[in-house]
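Here is the structure we will look at, set down as structure tokens.
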Amino acid sequence: MELTGAQIVMKSLEDEGVETVFGLPGGQVIPLYDAIYDSPINHVLVRHEQAAAHAADGFSRAGEGVGVCIATSGPGATNLVTGIATACMDSSPMVAITGQVATSAIGTDAFQEAHILGITLPVVKHSMQVRTPEDIPQILRDAFFIASTGRPGPVVVDLPSDVQKSRGEYRRPKGSCLGYPGYSAELPEDLRRADEAIDAIRRAKRPVLIAGNGVNVSRAYDQLREFSEKLEVPVATSLLGKGTIGADHPNHIGMMGMHGVAAANRAIMNADLVIAVGSRFSDRSTGKQAEFALASKVIHIDVDSAEIRKNIDAGIWLIGDAGRVLRLLMDEAGGHDSAARRAWLDGIRVMDAAEPLARDASDGRLHAWRILDAIDGATSGDATIVTEVGQHQMWTALYHRALRPRRFITSGGLGTMGFGIPASIGAHFARPGEPVICVAGDGSAMMNIQELDTYARYNLPIKVMIFDNNCLGMVKQWQELFYERRFSNTLYTRCPDFVKIAEGMGVEAFAVESPDGLERSVERALEIPGPALVHFKIPQSDNVYPMVPAGESLRNMIL
């Protein structure tokens, strides 16, 4: 059947099972938005294109599908770049559709022209520009296939305006990546050192398993739990691995890294074997990489061969799907010293009791940990928690007890302030029946606060909890500890009235300044049927601890 290119785009998205897209119209996507008018696909109108990208990212992290965002050419497309880079760093599948000037005008510096394929080249898994309407179905099929297979990531599809207007025959593609014969969805696998890994696991008396984001990507939660239980191995998680094993599991020992819990870091540094699954050993996880786990053997399991020996020179490495590799190892690595491993886990619990997370309530002030305890108590751990980036993010990672996978969503690799509020929109549409809470700081909340209007316009039942310490807290903490308290441009001389901002955008809001009635305040917010914002005033003097100074070993924690 003959359709316009724009109509073919929408028909192709329907064929891919897309039900929701996030975007903002502009001059070079008017034909596409005209086709959206007649499409059954739900379009969520955001207030800024960056928010569209973060919402698509949040959608894919919380759900099972590929997030889709749409922006016009020029500034619309470039506004997506931070969101695309965020998705790339955290291996989040996304298809970003950008408008472009007409093919005859490309390269002429036409109005709102930007070479978006070149601009995004370092931060995409792939990108392509459509030249004829007939190419659209195959290109979009390939885009979704590439974004979601192997190690997931973002794909950009650039759509010139004349191609959107032209007419062509719509033919449903017969397969994926017909135009990219070098791309395969088959997961790479290299298990040549499996016997060596099995022997090391069997012999280890003090093993620790590190669960990274790759466990989320491969949905290997059951295999991770079974491996830990069968072989009696404690599990630490990276920031993005939080929730891959429930915080209530007896073998869970907490998040490791720069702001990891003391017991998890000490366990890793005293282990005789570290098994890292789907972790890229980032500097925030390992501390000084030259001194990471020097006393132990390291087994690195990852689907991406580029990560092997990139940051840590693991003695043993296995390339493959996390779930499949864990299953292989646990089936073969029995016969371990059970008494030694039980004593090891007991010893880690003793370390945790000796150096617990701070929960001092003697000063009677409203601290972040109290708010997070109240949120967990009110939701029984049955909520999707999305964070912005900063001190509040690390407090949430430390104190929030994530009980299920993919319920803790945060920007890890890029550390993008402004991620949380729009990402929570995507999380809601991925899980419309579950509570979604965005934890934000007063600094990061202002990055994309305009999306409160999107909350109100769609009556999204998302709750924003703003931790307001009237400063850029994480940078201020570094200035306090390492720059002789020279607080350059981190302490605010005034702070916005978040309650009035929220109310002005149609979101019910109220402020909380003391612990009195804290639990009831959180419950009150959750009872509001639509969106709500709670403004918590917390002490400016509070810092995030534990903390490993940049470039230091995990042993050198500030507690």
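Numerical summary
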quantity	calculated
Under 10 Å, Cβ to Cβ, from H367 - net charge with Lys/Arg +1 and Asp/Glu -1	-1
Total formal charge among the other residues, if their Cβ is under 13 angstrom from that of N448, Lys/Arg +1 and Asp/Glu -1	-4
Cβ-placed point charges (K, R +1; D, E -1), dipole of the range 2-169 about Cα centre in debye, nearest 20	360 debye
Computed magnitude of the charge dipole of the range 194-354 (debye, nearest 20; Cβ of K, R +1, Cβ of D, E -1)	320 debye
Packing-based exposure ordering (other Cβ within 10 Å, fewest first) of S285, S380, S176, S228	S380, S176, S228, S285
Charged-residue dipole, Cβ positions (Lys, Arg, Asp, Glu), the chain about Cα centre, Debye nearest 20	860 debye
Neighbourhood charge, 14 Å Cβ-Cβ cut-off, centred on T72 and excluding it, Lys, Arg +1 and Asp, Glu -1	-4
For L554, L403, order by how many other beta-carbon atoms lie within 10 Å, fewest first	L403, L554
Descending semi-axes in whole angstrom, ellipsoid equivalent of the range 368-426, from the Cα gyration tensor	18, 13, 10
Whichever aspartates and glutamates have a C-alpha closer than 17 Å to that of K288, once near sequence neighbours (fewer than 8 apart) are set aside	D313, E552
Scattering profile of the range 85-189 at q = 0.16, 0.19, 0.21, 0.23 Å⁻¹ [log10 I(q)/I(0), Debye over alpha-carbon scatterers]	-0.74, -0.99, -1.13, -1.25
Cα-based convex hull volume of the range 472-559 per residue, rounded to whole Å³	150 Å³
Once the Cα gyration tensor of the chain is diagonalised, semi-axes √(5λ) in Å	39, 32, 20
Tail weight of P(r) past 20 Å, computed on alpha-carbon pairs of the range 194-354, percent	41 percent
Segment A339-R404, length gained on full extension (0.36 nm per residue, minus Cα span)	20.5 nm
Tail fraction, Cα-Cα pairs, the range 2-169, threshold 22 Å, whole percent	33 percent
Where only C-alpha atoms are counted, convex hull volume of the range 154-244 per residue in Å³	177 Å³
Translational diffusion coefficient (Stokes-Einstein; Kirkwood radius from C-alpha pairs) of the range 368-537 at 37 °C, 0.692 mPa s, in µm²/s	205 µm²/s
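Every number in this text was worked out from the coordinates using simple rules, so none of it is lab data. In this text the structure is predicted, and so the values were computed from the model without any measurement. For neighbour counting, all protein chains shown are included, and Cβ atoms are generated from backbone atoms with ideal geometry for every residue, glycine included.
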